[in-house]
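Inspection log for the structure reproduced underneath, given as structure tokens.
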Protein chains: 2
Amino acid sequence: MNLTHLKTFVAVAELRHFARAASACNVSQPAVSHQIAQLEDSVGAKLLNRAPRRVSLTVAGEVLLEEARRILAAVDRAHERMHEVSSGAVGRIRLGASATPGLYLLPSLLADYRESHARFDLQFQIGAVDEIAERVIRNDLDMAVIAGRPPTDELRMQTLLHDELVAIGAAGKARRTRTRESQPGLDAQCWIMREAKSTTRREVEAWLNRHGIVPARTMTFDGPDAVKRAVTAGLGIAIVSKLTVEEDLKARRVVRLDLGFPLPTRTVYLLDHPHKHHGAACSAMLKLFSATFPEMR
Amino acid sequence: MNLTHLKTFVAVAELRHFARAASACNVSQPAVSHQIAQLEDSVGAKLLNRAPRRVSLTVAGEVLLEEARRILAAVDRAHERMHEVSSGAVGRIRLGASATPGLYLLPSLLADYRESHARFDLQFQIGAVDEIAERVIRNDLDMAVIAGRPPTDELRMQTLLHDELVAIGAAGKARRTRTRESQPGLDAQCWIMREAKSTTRREVEAWLNRHGIVPARTMTFDGPDAVKRAVTAGLGIAIVSKLTVEEDLKARRVVRLDLGFPLPTRTVYLLDHPHKHHGAACSAMLKLFSATFPEMR
DNA sequence: TTCATCGATAAGTAACGTTTATCGGCCTGA
DNA sequence: TCAGGCCGATAAACGTTACTTATCGATGAA
């Protein structure tokens, strides 16, 4: 039993006429006879009574007609949905991000996207870099934005922008602003750090290590917002992404510190799967990224 | 797009592996590649991401997987139902009858049938002979039982039994029983007749005509029951099928009259369509008829 | 680097569906 | 009553389709 059999059968059942069904299906009459004969063989029952000048349905034929209509309707529906998908009328994008770009870079961009592509289903998720990259590899996510190099080379990386790290302290201790901290002073600070899996934390630790700074005290907070709050509250100093504190520096909620050594910069990458065929929703997102970030070219 | 495409695609999507899908479908791996390529062409979208060592679904693929499962489930369901029908696990019979056999011959037989074939849908309908025969021709009915020859030769006729007509009168006028009525006496009777389209009525009219009896008064009643009630109430005499009055004669509700001329007999036929393929339910009914009526052989 | 895995590709072959031509049955109308 | 037309079945030839085996190229693992 295949779809041609069913289409032919439905035509014959509705027209009650082999030859007319044949022209309706754009085939010759013997082809219809053959199709019906095959179908009857495959279901093991006569479907049609061939009385002279009168074709009628057997019980089996009526049952099969009902089912055939159901099947063909399901096929039509499938074609319709595929057309919607391939024409870009509907779509879905599952975007991931690490905390810094997810909280400070993407929200406004996603708002633009949602506005101009309301018909697409937009899913967004923030997570640790490793987890996000793994999900892109497994195709649980379509693409992801992360700060710093991902832990894998399986994915395509496109540069979105370059991000600086900056040192910040509480606004109340403004006297230190623009003042070089001596290294013992840096050791003595309480360093506010991101959670263990954070890229920022790894970069900060590498920097501290590189300059022989051994913090006397550290405190760990989950996410850039929590780090900022801790700094604002005077709990210590921190090295954070400039992206996360531009507003706060302007508003003088925190002040920038000059630690005496240059702080690293890092790259914000867009990750996606090199072998993946992007649908309309993903292509639109790529286009938006490329329009927003000249670096991406 | 055909069912093979969909089955192959579902196998690949579930196993996420072309070669394993191939062996699951009992075909070679290139056949699977080919099927998927064709399917992607026919829906106009890539369905699978072929990353090295990792096959995953595109958005279009996920949509189609959903639809393909729906379609294949509908096909399975169709096969199941067809199997039920052709194995005789389910069935349907639409039986028609004219008034006399429908009211006096079939009810007990249908009770037997329903008891031994509860799984079959039994539909029964009483109507005028012309209408019933037409419905059998159009395959609105599977078969029918009628008294007397049908108005068409398009249908197969099988003899069930021979039925006598008998003349009856009200029980109170018992003196007439077994007494030859003179012909003027017959003319003078009020004749209770069946409705115009009744076979019985036509036979009675032919008989009256043949013997030169011209009823002075006639009354028409719809159906054999109404005729009997009219006779019982003393409204007149009637010629009716013996089938309809056997009980009433025994119970002395009516008496049999001897009108001096032999009354005709007629045959009760089973009608069905000569080109029709009977399902299990109809075959069972034919078997029951043939067991019940030795005439049918 | 070498080997194994995996999907794509090529070429040959087998199977299938469709076509034209024709048959046989049946109904219709002169 | 017979000729003509309608209708579905059948036969043979043809073209297409879908499968097979063999092989390639790319990729990852040992």
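The values are calculated or read from the model by the stated rules, or taken from the named source; none is laboratory data. Please read all numbers here as calculations on a predicted model, not as lab measurements. Positions of Cβ are generated from backbone atoms using ideal geometry, with glycine treated the same way; all protein chains shown enter the neighbour counts.
Figures for the structure shown
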| quantity | calculated |
| --- | --- |
| Flag if A:N2 is under 50 Å from the mean Cα position of the chain (by Cα), within 13 Å of DNA strand C (Cβ to nearest atom) and closer than 23 Å to B:A73 by Cα | yes |
| Filter result for the condition that a residue is loosely packed, with under 15 Cβ neighbours inside 10 Å and within 10 Å of chain B (Cβ to nearest Cβ), over A:S116, A:S87 | A:S87 |
| Count of segment A:119-130 residues which are away from chain B (no Cβ under 14 Å) and either outside any helix (DSSP H, G or I) or without any contact (Cβ under 8 Å) to a residue 40 or more places away in the chain (or both) | 5 |
| Of all residues making up segment A:228-251, the number that are more than 19 Å from A:L105 (Cβ to Cβ), not in a helix (DSSP H, G or I) and not hydrophobic (A, V, I, L, M, F, W, C) | 2 |
| Failed item in (1) touching a Phe, Trp or Tyr at 6+ places or on another chain (Cβ under 6 Å); (2) of a type outside the set (S, T, N, Q); (3) within 16 Å of DNA strand D (Cβ to nearest atom), with A:G91 passing the rest | (3) |
| Matching residues, segment B:1-42, being under 19 Å from A:N139 (Cβ atoms), without any contact (Cβ under 8 Å) to a residue 60 or more places away in the chain and β-branched (V, I, T) | B:V12, B:I36 |
| Test: residue in segment B:58-77 that is within 9 Å of DNA strand C (Cβ to nearest atom), surrounded by 19 or more Cβ atoms within 10 Å (Cβ to Cβ) and more than 8 Å from every other protein chain (Cβ to nearest Cβ) | no |
| Matching option when the condition is under 30 Å from A:G127 (Cβ atoms), crowded, with 21+ Cβ neighbours inside 10 Å, charged (D, E, K, R) and at pLDDT 90 or above, among A:R229, A:R194 | A:R194 |
| Single residue of segment A:252-278 satisfying the filter (in a loop (DSSP other than H, G, I, E, B) and touching a Ser or Thr at 6+ places or on another chain (Cβ under 6 Å)) that is nearest to the other protein chains (Cβ to nearest Cβ) | A:H277 |
| Residue match in segment A:9-24 (condition: away from DNA strand D (no atom under 12 Å from the Cβ), over 14 Å from B:A78 (Cα atoms) and among the acidic types (D, E)) | yes |
| The lone exception for A:V136 - which of (1) under 17 Å from the mean Cα position of the chain (by Cα); (2) more than 10 Å from chain B (Cβ to nearest Cβ); (3) under 17 Å from A:F289 (Cα atoms) it fails | (3) |
| Sole exception among (1) within 22 Å of A:H275 (Cβ to Cβ); (2) more than 10 Å from DNA strand D (Cβ to nearest atom); (3) not small (G, A, S) for B:V85, by number | (1) |
| In segment A:44-57, the residues that are among the charged types (D, E, K, R) and within 16 Å of DNA strand C (Cβ to nearest atom) | A:R50, A:R53, A:R54 |
| Segment B:17-52, subset more than 10 Å from chain A (Cβ to nearest Cβ) and of a type in the set (D, E, K, R), residue surrounded by the fewest Cβ atoms within 10 Å (Cβ to Cβ) | B:D41 |
| Which numbered condition B:V166 fails, given (1) modelled with pLDDT of 90 or more; (2) in contact with a Phe, Trp or Tyr (Cβ under 8 Å, 6 or more places away or on another chain) | (2) |
| Residue match in segment A:249-266 (condition: under 32 Å from the mean Cα position of the chain (by Cα) and closer than 21 Å to A:G96 by Cα) | yes |
| Total residues in segment B:131-149, condition in contact with a strand residue (DSSP E or B) (Cβ under 6 Å, 6 or more places away or on another chain), more than 21 Å from A:G61 (Cα to Cα) and part of a loop (DSSP other than H, G, I, E, B) | 1 |
